[in-house]
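Shown next, in structure tokens, is the structure this report addresses.
The values are calculated or read from the model by the stated rules, or taken from the named source; none is laboratory data. Treat the numbers as computed from the prediction; the structure is a model and nothing was measured. Note that we place each Cβ from the backbone using ideal geometry, even for glycine, and neighbour counts take in every protein chain shown.
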Amino acid sequence: MVRLGVVGLGKMGLSHYAMINAHPDVKVEAICDSTGYVLDVLSKYTGVRTYTDFDVMLRDIELDAIIIATPSRSHGRMVEAALNENLHVFCEKPFCLDIAEGEKLARIATEKTLVNQVGYHNRFVGAFQEVKRLLDAEAIGTVTHVLAEAYGPVVLKPKGSTWRTQRTEGGGCLYDYAAHPINLVNWFLGAPQNVGGSVLNKIFSRDTEDEVFSTLYYDDGKSAQISVNWSDESYRKMTTKVTLWGTRGRIYADRQECQVYIRDDLAVPAGYQRGWNVRYTTDLTEAVWFYLRGEEYSAQLDYFVRCIEARANDNVNSFEEAVMTDRVMAMMIADAERRPPVTSGIAPRQAPGKKFGLLFGGRKAVS
């Protein structure tokens, strides 16, 4: 039985607590948050031990592992403290807002052979897992280009800041939204060599960007475009999707399905045929012990538990994998900051009717 603590009881923390508390091989020993009301309710109805001080909880309770779901700025200190107590750590994304800090934590976890995982849940979506399997099987030949997108209705009007919309606290649209498609592209193609044309644009937010665009470049000629906007109310909730073009076909995938076009009969995977194929996430996803928000969230926590039981610290969503995503985002920030808006230097065209007479309603307008 894995003895586990949960730190941070916001939206994701409460979700993680509900799921992991139902896991047959886990006992939640303690929870920690700064909000007394939430702790009082959970203590009353679940009996779990509650803390408002993270360090006191680590000192008081014998734990094997911990889930950290606090605002991004606090991840580094808490993760390091947990690793120093030899705890296996699941940390919500984004991992660290400072790359050097993330690299240090990845080294510590590796040196101590502790299981380490970051909550990029899309790697546990059946359709995206199928994309990875098809790419490894070279079903569409050599990939030449990827379009990775994420849209949703988070910031739809000017309003006061929250920790998510402050660069120093949560990282804004880049770290909160764009991190997901970037992480998927890294999984599919590996780390890019450089980025270009990065745009971090404000729409409603005062302190951070609301839309993100960039192109990732690879030494072998591949490229990937990132297109993200969290001020898009045409989407009811966050939607992440990828399209991949290859020399022998194309793949499109979102959370619901995986559409595959295969041009020829070379390396056609079992269950597929030449031409169009559609696989639905219901067919691609294994059942989970507890369903909340989406089976991928339960699946990633179960994977964390299984890695602990097997002492397997080469996690598919390891700290090092998350640092790779953090590096790409840092590259995009640097790229955007060194590319200030540039005007063409060409004088705007004069409005019709100012120099040459034009007919309006049968009458000639003369300047």
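E286 - would you say it is out of contact with any Cys (no Cβ under 8 Å at 6 or more places or on another chain) and in the same structural domain as L216 (by TED's automatic domain parsing)?
Details: out of contact with any Cys (no Cβ under 8 Å at 6 or more places or on another chain): yes; in the same structural domain as L216 (by TED's automatic domain parsing): yes.
Considered against the rule, which asks whether it is out of contact with any Cys (no Cβ under 8 Å at 6 or more places or on another chain) and in the same structural domain as L216 (by TED's automatic domain parsing), E286 comes out as yes.
Name the pairs whose Cβ atoms lie under 7 Å apart, with the first residue in segment 133-151 and assigned by TED's automatic domain parsing to the domain that holds S227 and over 9 Å from T243 (Cβ atoms), the second in a loop (DSSP other than H, G, I, E, B) and among the charged types (D, E, K, R), and 6 or more positions between them or separate chains?
I140/R248; G141/R248; V143/K222; T144/K222; Y151/D232
What number of residues in segment 194-246 are small (G, A, S) and over 23 Å from K157 (Cβ atoms)?
Of the residues in segment 194-246, 8 are small (G, A, S) and over 23 Å from K157 (Cβ atoms).
Test I68 against the stated conditions and say whether it is β-branched (V, I, T), modelled with pLDDT of 95 or more and crowded, with 24+ Cβ neighbours inside 10 Å. First the steps, then the outcome.
Numbers: β-branched (V, I, T): yes; modelled with pLDDT of 95 or more: yes; crowded, with 24+ Cβ neighbours inside 10 Å: yes.
It is true that I68 is β-branched (V, I, T), modelled with pLDDT of 95 or more and crowded, with 24+ Cβ neighbours inside 10 Å.
In segment 110-123, what residues are surrounded by fewer than 24 Cβ atoms within 10 Å (Cβ to Cβ) and hydrophobic (A, V, I, L, M, F, W, C)?
If the condition is that a residue be surrounded by fewer than 24 Cβ atoms within 10 Å (Cβ to Cβ) and hydrophobic (A, V, I, L, M, F, W, C), then L114 is the only one that fits.
Counting only residues that are over 18 Å from P181 (Cβ atoms) and of a type in the set (V, I, T), which one in segment 134-143 is surrounded by the fewest Cβ atoms within 10 Å (Cβ to Cβ)?
Among those residues, the one meeting the criterion is T142.
Do we find that V131 is modelled with pLDDT of 95 or more, touching a Lys or Arg at 6+ places or on another chain (Cβ under 9 Å) and surrounded by 18 or more Cβ atoms within 10 Å (Cβ to Cβ) in this structure? If you could, list the steps in order and put the result at the bottom.
Working: modelled with pLDDT of 95 or more: yes; touching a Lys or Arg at 6+ places or on another chain (Cβ under 9 Å): no; surrounded by 18 or more Cβ atoms within 10 Å (Cβ to Cβ): yes.
No, not satisfied.
Report yes if some residue within segment 109-129 is part of a loop (DSSP other than H, G, I, E, B), touching a residue at least 12 places away in the same chain (Cβ under 8 Å), on the phi > 0 side of the Ramachandran plot and not assigned by TED's automatic domain parsing to the domain that holds R311; otherwise report no. Please lay out each step first, then the result.
Here is the first cut: in segment 109-129, the ones part of a loop (DSSP other than H, G, I, E, B) are 112-115, 119-120, 125.
Filter once more, so that each one left must be touching a residue at least 12 places away in the same chain (Cβ under 8 Å): 112-115, 119-120, 125.
Keeping just the survivors that are on the phi > 0 side of the Ramachandran plot gives 113.
Filter again for not assigned by TED's automatic domain parsing to the domain that holds R311, leaving none.
Checked segment 109-129: no residue is part of a loop (DSSP other than H, G, I, E, B), touching a residue at least 12 places away in the same chain (Cβ under 8 Å), on the phi > 0 side of the Ramachandran plot and not assigned by TED's automatic domain parsing to the domain that holds R311.
Looking at G5, is it more than 17 Å from Y297 (Cα to Cα), buried (at least 21 other Cβ atoms within 10 Å of the Cβ) and either of a type in the set (G, A, S) or at pLDDT below 95 (or both)?
Spelling it out, G5 is indeed more than 17 Å from Y297 (Cα to Cα), buried (at least 21 other Cβ atoms within 10 Å of the Cβ) and either of a type in the set (G, A, S) or at pLDDT below 95 (or both).
Any chance segment 321-334 includes a residue that's in contact with a helix residue (DSSP H, G or I) (Cβ under 6 Å, 6 or more places away or on another chain), over 27 Å from E209 (Cα atoms), among the charged types (D, E, K, R) and surrounded by 17 or more Cβ atoms within 10 Å (Cβ to Cβ)?
The answer is no; no qualifying residue exists.
Only one of these conditions is not met by R279: (1) part of a loop (DSSP other than H, G, I, E, B); (2) in contact (Cβ under 8 Å) with a residue 24 or more places away in the chain; (3) more than 16 Å from E149 (Cα to Cα). Which number is it?
(1)
Condition check: surrounded by fewer than 19 Cβ atoms within 10 Å (Cβ to Cβ) and in contact (Cβ under 8 Å) with a residue 60 or more places away in the chain. Does R73 satisfy that?
On the way: surrounded by fewer than 19 Cβ atoms within 10 Å (Cβ to Cβ): yes; in contact (Cβ under 8 Å) with a residue 60 or more places away in the chain: yes.
Spelling it out, R73 is indeed surrounded by fewer than 19 Cβ atoms within 10 Å (Cβ to Cβ) and in contact (Cβ under 8 Å) with a residue 60 or more places away in the chain.
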